[in-house]
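*Asks:* Dumping the structure here so I can ask a few things about it.
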Amino acid sequence: MPGDRVSTSERLQLAERRRQALHLHAVRRLTIPEIAQVLEVSERTVVRDLKAAREQACEQLERDADAAERVSDLAHDIDATYVAAIREAWGAYHAATSNSPARVRALHAVIAANERRAEHLRALGLLRQVPEGLAVGLNLFGMTDEELRAHTGGEKMPS
């Protein structure tokens, strides 16, 4: 009905009263009659406000949980993409002949994908900072720094 419309200011006042009722009940531990007295409303209104405030809080928590789940799913998908790229580069590294340019390129791809993966995890707040020395030591791959420099034209690998 046209006369039943609630203005924005009335909705804000109602929301504030519900917030106050919930605060007085949950934080201050006041009873329903005490809350009614403080807010200058009936006990029935306090009960209604508490119920509505709880329902609204539950709905907000559900929305927040859904959003967190979507972010988690996205982070998982991004991470899976990086893991697949790293596996592919590792496969190329192991398939290439020792000390070949293809092996060096594959090693560069592994290190770069690892760095990008760590940066994305950090950006999502899942990793505090990109660990120093994320680039894995080259001697673990069967190449010394000198051998790598010889294959990359003197270019030094990031450390």
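The values are calculated or read from the model by the stated rules, or taken from the named source; none is laboratory data. These figures come from a predicted structure and were not determined experimentally. Methodologically, a virtual Cβ is constructed for each residue, glycine included, from the backbone with ideal geometry; neighbour enumeration extends over all protein chains shown.
*Asks:* Is one or more of the residues making up the range 63-81 touching a Lys or Arg at 6+ places or on another chain (Cβ under 9 Å) and modelled with pLDDT under 85?
*Replies:* yes
*Asks:* Please find, among 76, 23, the residue that is free of Cβ contacts under 8 Å to residues at least 12 places away in the same chain and either within 30 Å of residue 121 (Cα to Cα) or in contact with a Gly (Cβ under 9 Å, 6 or more places away or on another chain) (or both). Reasoning before the result, please.
*Replies:* Working: 23 fails: either within 30 Å of residue 121 (Cα to Cα) or in contact with a Gly (Cβ under 9 Å, 6 or more places away or on another chain) (or both).
Within the list 76, 23, the selection yields 76.
*Asks:* Say whether the condition of being surrounded by 10 or more Cβ atoms within 10 Å (Cβ to Cβ), out of contact with any Lys or Arg (no Cβ under 6 Å at 6 or more places or on another chain), under 30 Å from residue 20 (Cα atoms) and at pLDDT below 90 is met by at least one residue in the range 37-45.
*Replies:* No, that holds for no residue.
*Asks:* Moving to a separate point now. Can you tell me which residue among 11, 29, 87, 117 is modelled with pLDDT of 85 or more, out of contact with any Leu (no Cβ under 6 Å at 6 or more places or on another chain), part of a helix (DSSP H, G or I) and not aromatic (Phe, Trp, Tyr)?
*Replies:* Values: 11 fails: modelled with pLDDT of 85 or more; 29 fails: part of a helix (DSSP H, G or I); 117 fails: modelled with pLDDT of 85 or more.
Going through 11, 29, 87, 117 in turn, just one is modelled with pLDDT of 85 or more, out of contact with any Leu (no Cβ under 6 Å at 6 or more places or on another chain), part of a helix (DSSP H, G or I) and not aromatic (Phe, Trp, Tyr): 87.
*Asks:* Report yes if residue 126 is at pLDDT below 85 and buried (at least 16 other Cβ atoms within 10 Å of the Cβ), otherwise no. Break it down stepwise before answering.
*Replies:* Values: at pLDDT below 85: yes; buried (at least 16 other Cβ atoms within 10 Å of the Cβ): no.
Considered against the rule, which asks whether it is at pLDDT below 85 and buried (at least 16 other Cβ atoms within 10 Å of the Cβ), residue 126 comes out as no.
*Asks:* Go through (1) touching an Asp or Glu at 6+ places or on another chain (Cβ under 8 Å); (2) closer than 30 Å to residue 109 by Cβ; (3) not β-branched (Val, Ile, Thr) and name the single condition residue 72 misses.
*Replies:* With respect to (1) touching an Asp or Glu at 6+ places or on another chain (Cβ under 8 Å); (2) closer than 30 Å to residue 109 by Cβ; (3) not β-branched (Val, Ile, Thr), residue 72 is out only on (1).
*Asks:* Going through 63, 17, 44, 48 one at a time, which residue ends up being under 30 Å from residue 124 (Cβ atoms) and assigned to a helix (DSSP H, G or I)?
*Replies:* Values: 17 fails: under 30 Å from residue 124 (Cβ atoms); 44 fails: under 30 Å from residue 124 (Cβ atoms); 48 fails: under 30 Å from residue 124 (Cβ atoms).
After applying the criteria, what remains is 63.
*Asks:* Please state which of the following conditions residue 98 fails to meet, knowing it meets all the rest: (1) surrounded by 12 or more Cβ atoms within 10 Å (Cβ to Cβ); (2) in contact (Cβ under 8 Å) with a residue 40 or more places away in the chain.
*Replies:* Status for residue 98: all satisfied but (1).
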